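What follows is a set of notes on a single structure, which appears directly below.
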Amino acid sequence: MYPYYLVPDAENAEVENSRFWFADTMHWSRGCHPFDSIGAEAVYLGAGQNSTRIFALPVSLGLDVRIVNGYVYISPIAVEDPVRIEERARHFQERAGYYYANWDALYGKWKTKMEAAIASLGEISFPPLGDYDPLEVVTEARGRSTSWDIIENYHRLIDEFFLVWQYHFEFLNLGYGGYITFFQFCKQAFPQISEQAISRMVAGIDILAFRPDDELRALAALAHELGLVEIIGSGAEPEQLFATLADTENGRSWLARYEQAKSPWFNYFAEYGFTHDQDTWASNPAIPLQGIARYAAKIAAGEDISRPVERLRAERDEIVDGYRSLLQPAEAAQFDQLLALARTVFPYIEEHNIYVEHWAHNVFWQKMWELADFLLASGFTTERDDLFYLNRFELDQVLFDVVESWAIGVAPRGRARWQTEITRRRGIVAALQAQSAPPAYGVPPAQVTDPFAIMNYGVTTERVADWLGAGADSDRLSGVPGSIGIVEGPVRVLRNEADLALLQPGEILVAPITAPSWAAAFAVAVGVITDIGGMMSHAAIVCREYGIPAVVGTGYATARLTTGQRVRIDGKEGTVTLLEVTDPTSAH
């Protein structure tokens with residue numbers, strides 16, 4: 001089902017089995033369809049190009065990728081030879097140094113490139129083939145059939161997707177690198193400093209990634225101002241709710257503001273946007289409406305729903321002043337320089353998600369669904385989602401079969417063959433998705449050095465040891481200290497955003513990973529625990545900004561905990577203590 005190089009094989013078994021692999025369930029939370037494996041190709045091509053060949057990270061190359069039982073696994077490739085590390089460091093200092101020195105200007109150019117790529121994706125179309133080419137093909141002497149546009153546009157769509165992911169990593173590992181450099185300086189200068197204290201020095205910064213949630217808060221405030229809280233929170237289906245609002249002047253005013261917010265801020269996936277079957281806020285209004293209703297109810301109850309930015313900044317400045325005062329002048333100057341760099345690069349670490357995983361992916365998947373409709377209209381497929389049971393190379397062959405058969409005037413040769421295979425694969429994908437992915441397998445490395453693995457996934461040397469030794473301590477889970485604070489409460493285990501409505505006030509949210517669009521849930525949860533994620537994962541960043549205790553990267557929280565079970569989380573130490581040990585078979 002997947003390209004051969006994504007699947008473990010006997011030829012490379014000895015080398016592959018000697019390495020450490022961890023599941024990328026942050027981006028693929030379930031077994032992936034054949035076509036959806038394109039993301040595994042694009043992501044780790046882009047990561048490798050930038051880490052290994054463009055910027056030459058000194059101690060880390062790219063992340064190798066495989067699909068095992070439908071799940072994406074990745075393996076950080078370290079550089080261990082001191083001579084090679086030194087040689088790569090020279091390249092890195094020159095190349096990364098140029099980006100650090102010109103960050104704002106280059107980041108502005110990056111946004112322009114991304115906006116152009118998204119616009120280019122949006123121009124692609126796959127109209128159905130008629131009985132004849134348009135007359136203009138003759139009168140304009142084009143010399144080529146419009147049917148070739150189908151093939152050409154498919155290649156363009158794939159090429160743009162891969163290009164977007166090269167852009168994605170242009171800045172990302174440099175961003176993580178800037179933060180890690182500051183982090184390591186602090187650990188060396190202040191041996192007793194906590195990871196939380198370091199992360200809180202880079203907090204309270206306004207970034208684009210918070211804008212969609214800010215839009216929900218603004219719509220909730222407007223609903224309260226216009227006396228619409230009861231209607232918004234009625235639980236009615238979106239169409240019925242919108243119809244009710246349209247009947248009153250205040251309702252129409254609110255709807256106008258809602259429409260204004262939709263573009264572009266609701267082009268936002270309910271998850272991470274890596275599979276064809278995910279909703280956006282725009283395609284499923286029930287998702288943003290739920291968040292708006294929750295915020296509106298809090299405002300009506302007299303609660304302040306604003307993000308505590310000023311408090312965070314005051315705490316941040318106090319921590320910075322306290323630690324800086326312990327340094328000699330030369331060290332203090334270096335501290336200032338590295339802190340300024342960390343704060344400069346930090347916005348990209350979150351903002352790139354908006355441009356790539358949400359805006360670009362949203363257009364890409366829309367175009368893939370248009371292509372699915374093209375195949376359905378041509379009579380090649382029988383179900384709209386049949387296309388996604390083909391990988392990208394197979395789909396290229398199918399499209400040529402359809403176009404060439406149309407051109408000749410005969411039936412496509414592969415219709416029956418592929419329908420049989422698609423039916424078979426439906427059962428396989430369903431079986432793969434019925435199983436969860438072990439967080440890791442293979443031989444643990446002596447040291448994890450890849451900045452992407454450490455900062456985004458929380459795959460550190462210590463975490464690897466904890467994962468592979470899971471179960472030794474039955475009443476305790478260890479993870480990355482994501483956001484400071486201690487809280488006790490019942491947990492609510494959620495697998496995806498469709499379950500967010502189940503989350504109740506006072507509960508601790510437990511999930512494989514939280515997506516950027518889950519922000520409204522943080523207004524309800526008193527704490528957050530995730531299976532995967534590092535200090536710079538979305539869950540950790542948002543919980544720090546919202547002042548909610550969090551432990552991320554536990555590996556097994558969703559498997560070990562059951563809804564209703566009481567736990568204590570310590571966001572400073574990165575621990576989860578089970579206050580009630582329950583029978584896993586009683587999960588509900």
Nonlocal amide H pairs with residue 482, under 5 Å, H built at 1.01 Å: 550, 551, 552
Rounded to whole Hz, the Karplus (6.51, -1.76, 1.60) HN-Hα couplings of the stretch 437-448, x for glycine and proline: 9, x, x, 7, 8, x, 9, x, x, 5, 8, 8
Hz values of 3J(HN,Hα) by residue in the stretch 125-131 - Karplus curve (6.51, -1.76, 1.60), Gly and Pro given as x: 9, 9, x, x, 8, x, 6
Loop sites in the stretch 120-197: trypsin sites (Lys or Arg not before Pro), DSSP, at most 14 other Cβ within 10 Å: 142, 144
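Within the stretch 448-574, what percent of beta bridges assigned by DSSP are antiparallel, to the nearest 5? It would help to have the intermediate numbers written out before the result.
Details: 8 of 17 bridges.
Roughly 45 percent of the beta bridges in the stretch 448-574 run antiparallel, per DSSP.
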Accessible-area composition of the chain, carbon plus sulfur, in percent [1.4 Å probe]: 52
For the chain, share of DSSP beta bridges that run antiparallel, in % to the nearest 5: 75
Extension gain from residue 19 to residue 162, taking 0.36 nm per residue of separation minus the Cα-Cα distance: 48.8 nm
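Quickly estimate the mean residue ellipticity at 222 nm for the chain, helices only: each DSSP H run with n ≥ 4 gives -39500 (n - 2.57), and the total goes over all residues, rounded to 500.
-15500 deg cm²/dmol
At 1.4 Å probe size, with every protein chain present, just tell me what the per residue accessible area of the stretch 1-88 comes to in Å². Spell out each step's value before the answer.
Working: 3360 Å² over 88 residues.
Per residue, the stretch 1-88 has 38 Å² of solvent-accessible surface.
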Integer Hz, Karplus 6.51/-1.76/1.60 couplings in order for the stretch 414-426, x for Gly and Pro: x, 4, 5, 4, 6, 5, 4, 5, 4, 4, 4, 5, 4
Å² per residue, accessible surface of the stretch 299-393 at 1.4 Å: 43
Label selected from [x] 91, 54, 43; [y] 80, 70, 54; [z] 84, 63, 59, the criterion being Cα extents along the principal axes in Å as computed here: [y]
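Taking 0.36 nm per residue of separation and subtracting the Cα-Cα distance, what length does fully extending residue 221 through residue 311 add?
Using 0.36 nm per residue and subtracting the Cα-Cα distance, I get 30.3 nm.
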Accessible area of the stretch 141-194 divided out per residue, in Å², using a probe of 1.4 angstrom: 40
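What GluC sites (Glu not before Pro) in the stretch 236-311 are in a loop by DSSP, with at most 11 other Cβ atoms within 10 Å of the Cβ? Let's see the in-between values first.
Working: sites: 239, 249, 259, 271, 303, 310; in loops: 271, 303.
Those that pass, being in a loop and sparsely packed, are 303.
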For residue 440, residues with placed amide H under 5 Å, excluding near neighbours: 23
Reachable aspartates and glutamates from residue 113, criterion Cα separation under 13 angstrom, eight or more residues apart if same chain: 160, 170
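If a/c stays under 1.5 just call it rounded; otherwise compare a/b with b/c (prolate if a/b is bigger, oblate if not). Do that for the stretch 177-253, with a ≥ b ≥ c from the square roots of the Cα gyration tensor eigenvalues.
Working: a/c = 4.43, a/b = 4.27, b/c = 1.04.
Prolate shape, in that a/c is at least 1.5 and a/b is the bigger ratio.
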Whichever lysines have a C-alpha closer than 25 Å to that of residue 111, once near sequence neighbours (fewer than 8 apart) are set aside: 262, 367
Projected label distance in nm at residue 431 and residue 132, using a 7 Å step from Cα toward the beta-carbon: 5.1
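The values are calculated or read from the model by the stated rules, or taken from the named source; none is laboratory data. Keep in mind that what you see is a predicted model, and the values were worked out from it rather than measured. Note: ideal-geometry Cβ built from the backbone for every residue, glycine included; neighbour counts use all protein chains shown. Surface areas here come from the heavy atoms of the whole protein model, side chains and all, with no ligands, DNA or RNA. Shrake-Rupley method; radii C 1.70, N 1.55, O 1.52, S 1.80 Å.
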